[in-house]
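**Q** Mind looking over this structure? Questions follow.
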């Protein structure tokens, strides 16, 4: 690509604004992170940086110039003809009305086609309307003329249920406690800041935190230190003490108040360590006009380690459809066609083509990253551990001595069943209680292998097994067993969050009902694949999401009945589908 002249001041402002948005969308300011998706993004970072810094500006100019040449050629030919006609008639061309009009149109066409500011502005407005805090979604928009602001995929169904996150996977995350790094300062004064987790106390397997035991990110003692040229800040993630709860108030916005004090504490520590390292550079936000660079990254670190997020099912297709609509409603005004303003439409064609060409390239970059993340999310997860529960009547007596000697197994039996005669560990007790369940998690692999070998002598373990219990995320568990149990399960009962705002079910954005539907839809879809043709589904729900849930279920099942139950003076409902 040849070098291009620098843009005009207005174009430069729009160009820089667009670059800042794109850098945030591509998360290039997190290039120091080296885990998961960030590792893949780092591989693309060089290519993306080159496009933004070297190719974006000249490619916009080239896209504009191509149409400008067509416009100018057509107008120039018409102008030459008008000049020749004027001379034939003995009229001075400079005074001929037609010549004057065509010269003005030629000047306007050239100026309009080369107006880069409009192109950068349109690209910024388009991507800004879909991107928010790391996700791409249909954010609420209002159009002055009543024109549609979004396209809803519709194939002619009689009734179509659609919601803001309908084309996304809801991802229930736990804290990943990964390092977080960013660059502060500029030029020779730039330095690297890294946030680390020094200690963490967290519930396992998505178990909900008890009321009053919510964990927060707080600084450890002596949290700030210099590691060579790098500034390291150490956090811990734990429940607050009673004194800390009093200092930082209730749970609403509690982490935000902690973050504010955290940023102040880090700045004070940095001043003591090296006053030349400044982190108080102002980075204003809509909700906080005095926000500092450090406060921005502290808030982002604690939020991204705690909040849930979404993965788009087809980001490329979604953005391309929306770009087509944006071009027709925001770049190319179709009202001009009805008014017969062909010249204005022709001049707008340059901007439209430039926005389309550059927009498609940016969408291709974004779609590659999102599609890779989607493949990671849909990939079947590894089984971390497999154990077996076997009644004693199936355990060969040759293994009884090892069972008798296993203290952990006997402790579990006493805790669960409290058998009076289990105080003395004897083989006779095992024979007298054939229905007691042995759990192989209390035994070593050698014992488990010998037990399973005996159990599978006559039939496969699948045939011998009376039930399967999976501990994990329900969507991933459904995906794991889908091939083996497709259309073989006769009854499913689910008890999703009621979405009343009282269950601690946190969402990243304000689309409360939409996020809930996105979560439910993926799980209902997998349930449909598992149920037999005459199978039934029971859903325990209340009035908060009942109507939306019914519309969702109607897309997969034949509705049969509704059962209303009363519990603790609160109305609850079971929806029965098959």
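The values are calculated or read from the model by the stated rules, or taken from the named source; none is laboratory data. All figures in this text were calculated on a predicted structure; none of them were measured in a lab. All Cβ positions, even for glycine, are placed from backbone atoms using ideal geometry, and neighbour counts span all protein chains on display.
**Q** Can you pull out every residue in segment 534-549 that is more than 11 Å from residue 497 (Cβ to Cβ) and outside any loop (DSSP other than H, G, I, E, B)?
**A** As a first pass, look at segment 534-549 and keep what is more than 11 Å from residue 497 (Cβ to Cβ): 534-539, 543, 546-549.
Those that are more than 11 Å from residue 497 (Cβ to Cβ) and outside any loop (DSSP other than H, G, I, E, B): 534, 535, 536, 537, 538, 539, 546, 547, 548, 549.
**Q** Any residue at all in segment 223-245 that is modelled with pLDDT of 85 or more and assigned to a loop (DSSP other than H, G, I, E, B)?
**A** yes
**Q** Cβ-Cβ distance below 8 Å, separation of 6 or more or different chains: which pairs start in segment 483-501 with a residue that is at positive phi and end on one that is assigned to a loop (DSSP other than H, G, I, E, B)?
**A** Qualifying pairs under 8 Å: 499/505; 499/544; 499/545.
**Q** To continue, here is another question. Just checking, does segment 488-501 include any residue being assigned to a loop (DSSP other than H, G, I, E, B), farther than 26 Å from residue 311 by Cα and modelled with pLDDT of 85 or more? Outline the logic, then answer.
**A** Initial filter on segment 488-501 (assigned to a loop (DSSP other than H, G, I, E, B)): 488, 495-501.
Subset that is farther than 26 Å from residue 311 by Cα: 488.
Filter again for modelled with pLDDT of 85 or more, leaving 488.
The answer is yes; a qualifying residue exists.
**Q** To continue, here is another question. Which one of the conditions (1) assigned by TED's automatic domain parsing to the domain that holds residue 154; (2) surrounded by fewer than 19 Cβ atoms within 10 Å (Cβ to Cβ); (3) at pLDDT 80 or above does residue 318 fail to meet, given that it meets all the rest?
**A** (2)
**Q** Return the pair list, or none, for Cβ contacts closer than 6 Å from residues in segment 399-420 that are assigned by TED's automatic domain parsing to the domain that holds residue 449 to residues that are modelled with pLDDT under 90 and outside any helix (DSSP H, G or I), at least 6 apart or on different chains.
**A** If the second residue must be modelled with pLDDT under 90 and outside any helix (DSSP H, G or I), the pairs left are 404/425; 410/425.
**Q** Criterion first (assigned by TED's automatic domain parsing to the domain that holds residue 215 and modelled with pLDDT of 90 or more) does residue 270 satisfy it? Give the derivation first.
**A** On the way: assigned by TED's automatic domain parsing to the domain that holds residue 215: yes; modelled with pLDDT of 90 or more: no.
No: the conditions fail for residue 270.
**Q** Considering (1) touching a strand residue (DSSP E or B) at 6+ places or on another chain (Cβ under 9 Å); (2) loosely packed, with under 15 Cβ neighbours inside 10 Å, say which one residue 440 fails and leave the rest.
**A** (2)
**Q** Tell me yes or no: at least one residue of segment 367-377 is out of contact with any strand residue (DSSP E or B) (no Cβ under 6 Å at 6 or more places or on another chain), surrounded by 14 or more Cβ atoms within 10 Å (Cβ to Cβ) and over 30 Å from residue 130 (Cβ atoms).
**A** no
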